[in-house]
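First up is the structure itself, then whatever we jot down about it.
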Amino acid sequence: MAATQLTADLHPLLTEYVIKKLQKNRLTTVYSFVKVEAEQLLKITNLPAESIVLVKNHLIDQFAGRCQNALSYPLQPAPSPLSTGVPSLDALLQGGGLLPGHIYELCGESGTGKTLLSLTMASNVVKQPGSMAYFIDTKCDFSGRKVQQILDSDDRKLSEQELGHAMARVRVARIFSPDLLVQTVEELAAGRYVDEGTNLKLLIIDSLPSLWYLYQDAQSSVEPLGLLTKLICSLRKLAAQRAVAIVLINLTVRVVEGMTEGKRKLCPNGNYSALGRYWESAPGTRLLLERHEHHAGSSARYHTVQVWKSNYLRSGERVIVRMTETGVR
């Protein structure tokens, strides 16, 4: 209402003559017209008092919000969490997996298994008939063969037809520019790219730094920060309106001497997440994937997933996961 301009097409009594009279008195918007007393409008427009009240009520009905009784709307059951396919990780996330409508970020050093874990998540989601996962690949790391191996390893063996349908519900888009990424997320929020009879349950972006490192030597930070702002706004819209769980893949970067970014929130291993301080508060939950050696010099390794920060999980909690040829277990 505040920004809506008064025009002659809003009501038959608001003629061009009346509009000009109002504009001379700096009454140019619907809000400014409605908030002025009827006596003053009577003097400005020369309209009868009944007509002014009629116009005011019409504009209020058309542009003002209405109070609704919440009891008149039936309660909708909360969407069930999406299992990641990793029982220990589902237990860490509480409730049984990824929450629809929530944005997660999976961080870790290069080579720790972030892509394999994201493929495991996507594969587990599409096992459910009608459930779709959208995988945005910015590094050409997506492997359809790996998805097939993960699906084949399920305790409940899928038939050849079921396997084909499940793999078809993993939609893959290779994107190599931040602008196209933002555009794609906006189109997903508008309902594009979703086949009839399926519901988009999970969006994975693997990964963000490979796109924003294009601006590493840029003289101005305006454009990259502006694109990050548009991206997180679009992601939040998609998550909220479509009840989609979103997993973003990010890198952790080692602290080096001479850093000029000021105080950063370091993760438990002393590293920090890529994309700068501006991005630190973007995801609702940030998970840290780490690789450990059992002891110095040993070739045996294990991996952990730890809650780095979250608005509903306890920070510092962690579980052990196993990296296998058939996904994360």
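The values are calculated or read from the model by the stated rules, or taken from the named source; none is laboratory data. Keep in mind the model is a prediction, meaning the values are calculated, not measured. Heads up, the Cβs are rebuilt from the backbone with ideal geometry, glycines too, and the neighbour counts pull from every protein chain shown. Accessible surface areas use protein heavy atoms only, side chains included; no ligands, DNA or RNA. Shrake-Rupley method; radii C 1.70, N 1.55, O 1.52, S 1.80 Å.
Can you give me the distance in nm between label points at S220 and L180, each placed 7 Å from the Cα along the Cα-to-Cβ direction?
2.5 nm
List the residues, sorted by chain then number, that are 5 or more residues from N199 or on another chain and whose placed amide H is less than 5 Å from its amide H.
Those qualifying (amide H under 5 Å, at least 5 residues apart or on another chain) are S131, M132.
What accessible surface, in Å², does a 1.4 Å probe find on E39, ignoring ligands, DNA and RNA and rounding to the nearest 10?
120 Å²
So for Y213, Y302, Y134, what's the accessible-area order with a 1.4 Å probe, most first?
My answer, sorted largest first, is Y213, Y302, Y134.
Using r as the Cβ-Cβ distance of N46 and S281, and R0 as 56 Å, what FRET efficiency do you calculate, to the nearest 0.05?
According to the calculation, E is roughly 0.55.
Would you calculate a helix-derived [θ] at 222 nm for the chain, using -39,500 (n - 2.57) for each DSSP H run of n ≥ 4 and dividing by the full residue count, to the nearest 500?
Per the formula, -10000 deg cm²/dmol.
Which of these, K157, K20, K230, has the largest mean-square fluctuation under a Gaussian network model of the chain (Cα springs below 10 Å)?
K20
Using per-residue counts of other Cβ atoms within 10 Å, averaged over each peptide, order 282-288, 200-206, 124-130, 217-223 from highest down.
Per-residue Cβ counts within 10 Å, averaged per peptide and sorted highest first, yield 200-206, 282-288, 124-130, 217-223.
Of all beta bridges DSSP finds with both residues in the chain, what is the antiparallel percent, to the nearest 5?
So the antiparallel bridges amount to about 40 percent of the total.
All other residues with a Cβ under 12 Å from the Cβ of P283 taken together, and with Lys, Arg as +1 and Asp, Glu as -1, what is their net charge?
+1
Given H placed on each backbone N at 1.01 Å, which residues far from E109 in sequence or on other chains put an amide H within less than 5 Å of it?
Correct list: T252.
Given a cut-off of under 8 Å on Cα pairs at least six residues apart, what relative contact order in percent is computed for region 12-147?
Answer for region 12-147 is 14 percent.
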